[in-house]
Amino acid sequence: MKLIALEADAPGADEGAMTTVLLQAEARRAWELVQAGVIRELYFRADRHAAVLVLECASTQEAHDVLATLPLVMAGLISFEVIPLAPYPGFARLFSSRD
C-alpha cells in the first residue's frame with residue numbers, strides 16, 4: 001500500500017532541541033528505511049520546512065509504527081499525518097469500450 005506522510009511540529013516542541021547529533025540520527029534512520037524499501041520518496045515542502053514521505057507499507061498502522069522509529073518522532077519533536085492512497089480509476093471509466 002502506498003501512503004503519504006506529512007510532517008508537522010509536535011505541539012510544544014522546542015526546535016532548539018534538534019541537535020546535530022539528533023538530526024544525523026534522523027538522517028541515518030531515514031536512509032535505513034530507504035534501503036529497506038519502506039521510504040520510496042522523500043521531499044521537503046516548497047512552502048515551509050516540513051518533510052513529505054512516500055511510503056510503501058502493508059497498512060496505515062505499519063506506517064505509523066515505522067515512523068515512530070524516527071529519532072525526531074521518538075524525541076517528541078515532530079509527528080506525521082499518514083494518508084493512504086489508492087490507484088486512480090478514472091481512465092478505465094473514460095476509455096472503456098462502450099457497447
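Quick note: the coordinates plus some simple rules give every number you see, no bench work behind them. Given the structure is predicted, the values throughout are model-derived calculations rather than measurements. Cβ placement follows ideal geometry from the backbone for every residue including glycine, while neighbour counts extend to all protein chains displayed.
Some notes on this structure:
- When T19, T60 are arranged by Cβ crowding within 10 Å, least crowded first, meaning fewest neighbours, the order is T19, T60.
- Segment A58-S97, length gained on full extension (0.36 nm per residue, minus Cα span): 10.7 nm
- Distance between the stretch 1-32 and the stretch 57-90 - C-alpha centres, whole angstrom: 12
- Peptides 4-13, 87-96 ordered by packing proxy, namely the average of other Cβ atoms within 10 Å per residue, highest first: 4-13, 87-96.
- Between the beta carbons of M1 and V21, assuming R0 = 41 Å, the FRET efficiency works out to 0.80 to the nearest 0.05.
- Here r is the Cβ-Cβ distance between R45 and A10 and R0 is 25 Å; the resulting FRET efficiency, rounded to 0.05, is 0.90.
- K2 sits among other residues whose Cβ lies under 14 Å from its own Cβ, and their net charge, with Lys and Arg +1 and Asp and Glu -1, is -2.
- Of the peptides 27-34, 40-47, 68-75, the ranking by mean beta-carbon count within 10 Å, highest at the top, reads 68-75, 27-34, 40-47.
- Helix axis angle, 20-35 relative to the chain longest principal axis, alpha carbon, degrees: 30
- Calculated on the Cα set of the stretch 2-86, radius of gyration then Dmax: 12.3, 38 Å.
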